[in-house]
Amino acid sequence: MPDKKRTGQLDWEDVRYFVALARYSTLSETARALRVNHATVARRIASLERLIGRALFDRRAKGYVLTAEGKAVLREANAMDEAALSVLRRLDAGTELSGSVPSRRAGSR
């Protein structure tokens, strides 16, 4: 199966914004945490909801509240987020320098 078919049109960035909005509950708090504009957060959430064909949040005066579908998706999205962080930690661990540096003898270039 080609890799493109595995996730279809799912955009990881949309999922990342979804996890953040679930954590912070408002567009403005999420935008501050992600260092983006609140409109970007709203656009990413709309994109994900459009893709899956379901509302993930109820929009309320005090913020965004997960729907039952949103709660189910959040479990999977959190697993994706943790896996991505694990990959980054693994990559960071491989960038540490180790070993000894040979000393230069006097007079050598």
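Amide H to amide H, with H built 1.01 Å from N, G63 comes under 5 Å of no residue 5 or more places away or on another chain.
Counted by neighbouring Cβ atoms within 10 Å, the residues L66, L48, L10 run from fewest to most as L10, L66, L48. Amide H contacts under 5 Å for F57: T67, restricted to partners 5 or more places along the chain or on a different chain, H placed in the peptide plane at 1.01 Å from N. Rounded to the nearest Hz, the phi-derived 3J(HN,Hα) couplings of the stretch 33-43 under the Karplus curve 6.51 cos²θ - 1.76 cosθ + 1.60 (θ = phi - 60°) are 5, 8, 6, 9, 7, 4, 5, 5, 4, 4, 5, where x marks glycine and proline. The trypsin sites (Lys or Arg not before Pro) found in the stretch 1-94 that occupy coil by DSSP, while having at most 16 further C-beta atoms within 10 Å, are R35, R54, K62. The distance between label points at A55 and R35 comes to 3.4 nm (points 7 Å beyond Cα on the Cα→Cβ vector). Rounded to the nearest Hz, the phi-derived 3J(HN,Hα) couplings of the stretch 13-21 under the Karplus curve 6.51 cos²θ - 1.76 cosθ + 1.60 (θ = phi - 60°) are 4, 4, 5, 4, 5, 4, 4, 5, 5, where x marks glycine and proline.
The string of couplings for the stretch 61-69 from the Karplus curve (6.51, -1.76, 1.60, θ = phi - 60°) is 4, 8, x, 9, 10, 4, 7, 4, 5 Hz, one whole number per residue in order, with x for Gly and Pro.
Full extension of the chain between L85 and S25 gives 19.4 nm of extra length, using 0.36 nm per residue less the Cα-Cα distance.
Within 10 Å of each residue's Cβ, count the other Cβ atoms and sort L51, L88, L27, L56 from fewest upward.
Details: L51 13, L88 10, L27 19, L56 23.
Fewest-to-most ranking of L51, L88, L27, L56: L88, L51, L27, L56.
We did not get these values from a lab; they are worked out from the coordinates using the rules stated. Just so it is clear, the model here is predicted, and its values are computed rather than measured. A quick note on method: Cβ atoms are made from the backbone with ideal geometry, for glycine too, and the neighbour counts reach across all protein chains shown.
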